[in-house]
C-alpha cells in the first residue's frame, strides 16, 4: 500500500508551520477553484460531519481532500483513531501540513480518483464512510463521475459517502451519476452557510 513519501514533521518543522487559516488562504489565492471557500470549515460544520460518520470497529474513514485538516479534526473528534483515518490531498504543501498537524493519520499525497489502487486490498471494502471535501460544484461532469466512482469502489455495497457544499442544492447530478442523495443537515454558522449531503447507490443504508 502506497501512502506518502512526505516525512513526518519534527519539532523544528512544526514550529515553522503557518496557522491553518493563513495557509488555507494562501492556497485559495493560488487556486480558488480547488479550495471552494476562502476560510476553513467551521466548528459548526465539523459537528455536522462528525454526526454523520459511519465507522464500524473494523472499518476506516477516507477523506477526499484533506486541506488544512478541519474535517480531519472532526473525524478524530468522532473518536476514530488516527491510524484508521486516510486522507487524500493532492496539493503537496497541504499534504505536508496535514502530516505535521496530524502525525497519527495516514496522509496520501496523490489523486483520490486512484483510491482503490493506492489503498490496496487490505483497506478496500473496509471503508465505513468516504468524506468528500473537494468542491464538487466546480468539477467537470466527467471528473465528478470519477470521484464518485472512486468513493463507491472502496466502500462495501450499500454504504454512502458524504460531502459538504455551500450551494443551496445538490452539486451532483444524481440521475447522470446513478446515485440518490439527501441533504442530511445544514448550518448557517459556517462562512458561507454549508450543507452536508449523503449519497448512495442501491438500497439506502439504515
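Residue 56 - would you say it is in contact with a strand residue (DSSP E or B) (Cβ under 8 Å, 6 or more places away or on another chain) and either over 17 Å from residue 136 (Cβ atoms) or at pLDDT below 90 (or both)?
Details: in contact with a strand residue (DSSP E or B) (Cβ under 8 Å, 6 or more places away or on another chain): yes; either over 17 Å from residue 136 (Cβ atoms) or at pLDDT below 90 (or both): yes.
Yes, satisfied.
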**Message:** Criterion first (farther than 19 Å from residue 165 by Cβ, within 15 Å of the chain's Cα centre (by Cα), outside any loop (DSSP other than H, G, I, E, B) and modelled with pLDDT under 95) does residue 76 satisfy it?
**Reply:** no
**Item:** Count of residues meeting criterion [in a helix (DSSP H, G or I), at pLDDT 95 or above, surrounded by 18 or more Cβ atoms within 10 Å (Cβ to Cβ) and out of contact with any strand residue (DSSP E or B) (no Cβ under 7 Å at 6 or more places or on another chain)] in region 99-115
**Value:** 1
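Give region 146-155 a look and list any residue that's without any contact (Cβ under 8 Å) to a residue 40 or more places away in the chain and either within 20 Å of residue 50 (Cα to Cα) or crowded, with 18+ Cβ neighbours inside 10 Å (or both), or say none. Don't jump to the end; show me each part of the working.
Of region 146-155, the ones without any contact (Cβ under 8 Å) to a residue 40 or more places away in the chain are 146, 149, 153, 155.
The one that is without any contact (Cβ under 8 Å) to a residue 40 or more places away in the chain and either within 20 Å of residue 50 (Cα to Cα) or crowded, with 18+ Cβ neighbours inside 10 Å (or both): 155.
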**Fill in**
For region 183-206, pairs from a residue that is crowded, with 18+ Cβ neighbours inside 10 Å to a residue that is in a strand (DSSP E or B) and modelled with pLDDT under 90, with Cβ under 7 Å and 6 or more apart or across chains, are none
**Complete:** Filtering region 156-176 for residues that are free of Cβ contacts under 8 Å to residues at least 40 places away in the same chain and within 19 Å of the chain's Cα centre (by Cα) leaves a count of 8
**Request:** Looking at (1) farther than 25 Å from residue 185 by Cα; (2) over 15 Å from the mean Cα position of the chain (by Cα); (3) in contact (Cβ under 8 Å) with a residue 24 or more places away in the chain, find the lone condition where residue 59 falls short.
**Result:** (1)
**Prompt:** Within the bounds of region 118-130, is there any residue that is under 23 Å from residue 201 (Cα atoms), touching a helix residue (DSSP H, G or I) at 6+ places or on another chain (Cβ under 8 Å), touching a residue at least 12 places away in the same chain (Cβ under 8 Å) and assigned to a loop (DSSP other than H, G, I, E, B)?
**Reply:** yes
**Prompt:** Is it the case that some residue within region 133-145 is within 17 Å of residue 179 (Cα to Cα), in contact (Cβ under 8 Å) with a residue 12 or more places away in the chain and touching a strand residue (DSSP E or B) at 6+ places or on another chain (Cβ under 8 Å)?
**Reply:** yes
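The values are calculated or read from the model by the stated rules, or taken from the named source; none is laboratory data. These numbers were taken from a predicted model, which means no experiment stands behind them. When we count neighbours, we look across all protein chains shown, and the Cβ atoms used for this are built from the backbone with ideal geometry, even at glycine.
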